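The values are calculated or read from the model by the stated rules, or taken from the named source; none is laboratory data. Remember, predicted model here, so these are calculated numbers, not experimental data. Ideal geometry is used to build each Cβ from the backbone, glycine not excepted, and the neighbour counts take in all protein chains shown. These accessible areas exclude ligands, DNA and RNA; they are computed on the full protein's heavy atoms, side chains included. Shrake-Rupley method; radii C 1.70, N 1.55, O 1.52, S 1.80 Å.
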Amino acid sequence: LAFMTTLSIGNLKDHIFALAERTPEKPALVSCNQEGETEKIYTYKDLKDEIIKVANWFQNGLGLKKGDVLGLALPNSVELLIFSWAAWAIGIATVPFDLRRDTFSQYLYKISLTHPRALVVSGQTFKEDEMQELKRILNVIELQKFQAMPASEQSVAWQDGISHSSLILFTSGTTGFPKGAELTLENLLVNAEGIKNWFEIGDRDRFLVLLPLYHVNSTTFCLASLLAGAS
């Protein structure tokens with residue numbers, strides 16, 4: 001059964017900025033702890049500000065440019081979503097890593113295939129000797145250092161359109177080495193638009209994310225909520 005999905009947006013940054021203009025105080029992302037307690041609420045205005053801050057940091061702080069690849073070794077968190085959306089909005093592809101199951105050798109294998117310009121890590125993800133090995137081959141950035149940075153006023157070169165490569169997801173590798181599947185932002189948005197329409201997600205809805213954010217289902221469901229202006 002074939003069906004056509006008509007995208008409601010042509011640019012990710014413009015869509016986020018429009019939501020911030022239309023519903024600035026509405027919750028966009030809600031960060032919860034393992035007990036389900038709310039830790040922080042990001043309104044759509046906050047989301048816009050964070051996207052600008054992260055995009056500035058990527059381009060003017062780390063020197064990343066359109067077409068580059070960025071590794072994300074982060075747990076399920078609001079930051080992983082914000083970093084991903086900011087990267088996609090400026091034409092950078094992300095590679096989210098599986099923090100629970102990947103061994104260090106698997107990290108090195110995936111890095112050797114995707115050639116990220118930088119890797120963002122959080123907390124005690126790696127042992128000290130592993131961190132030294134990673135720093136020898138690429139730029140490793142600790143999330144805590146970024147969070148302490150002030151917002152930058154430098155300009156951002158935003159990405160036009162949605163046809164660019166945005167996400168590299170790895171298969172489970174049950175019968176061999178994991179394979180990297182490269183997806184464009186258009187691939188992701190078409191999938192998300194279909195989910196939004198199928199479930200009739202509206203701007204008054206709230207979606208609870210349980211799956212890990214290196215999984216394609218959680219990635220596209222979050223985008224479906226964003227397309228709808230939901231929380």
Checklist line | Tally, over region 20-37, of residues that are open to solvent by 40 Å² or more (accessible area, probe 1.4 Å) and among the small types (Gly, Ala, Ser) | finding: 1
Notebook entry, point to check: Does region 79-91 contain at least one residue that is open to solvent by 30 Å² or more (accessible area, probe 1.4 Å) and farther than 19 Å from residue 170 by Cβ?
Noted result: yes
Note to self: List pairs: first residue in region 127-153 and within 30 Å of residue 48 (Cα to Cα), second residue at pLDDT below 85 anywhere in the structure, Cβ distance under 9 angstrom, at least six positions apart or on different chains.
What the structure shows: 142/123; 143/123; 144/123
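Name the residue that is surrounded by the most Cβ atoms within 10 Å (Cβ to Cβ), counting only residues in region 200-214 that are closer than 15 Å to residue 84 by Cβ and out of contact with any Cys (no Cβ under 7 Å at 6 or more places or on another chain).
Initially, region 200-214 is screened for residues closer than 15 Å to residue 84 by Cβ, giving 209, 211-214.
Subsequent filtering for residues that are out of contact with any Cys (no Cβ under 7 Å at 6 or more places or on another chain) retains 211-214.
Numbers: 211: 13, 212: 17, 213: 19, 214: 24.
Across region 200-214, the extreme among qualifying residues is 214.
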Item checked: Residue under evaluation residue 228, criteria (1) surrounded by 14 or more Cβ atoms within 10 Å (Cβ to Cβ); (2) within 18 Å of the chain's Cα centre (by Cα); (3) modelled with pLDDT under 95, criterion not met -> (3)
Item checked: Matching residues in region 158-199 - criterion: being touching a residue at least 60 places away in the same chain (Cβ under 8 Å), part of a helix (DSSP H, G or I) and open to solvent by 40 Å² or more (accessible area, probe 1.4 Å) -> 186, 190, 197
Check: Among all residue pairs at least 6 apart or on different chains, which show Cβ distances below 8 Å where the first residue, located in region 110-124, is without any contact (Cβ under 8 Å) to a residue 24 or more places away in the chain and the second is among the charged types (D, E, K, R) and part of a loop (DSSP other than H, G, I, E, B)?
Finding: none
Next item on the list: Evaluate region 55-66: report whether one residue or more is open to solvent by 10 Å² or more (accessible area, probe 1.4 Å), touching a residue at least 60 places away in the same chain (Cβ under 8 Å) and under 16 Å from residue 168 (Cα atoms).
Entry: yes
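The rows are residues; the columns are (1) over 22 Å from residue 84 (Cβ atoms); (2) at pLDDT below 90; (3) open to solvent by 80 Å² or more (accessible area, probe 1.4 Å).
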position	(1), (2), (3)
103	yes, yes, no
122	no, yes, no
140	no, no, no
143	no, yes, no
147	no, yes, yes
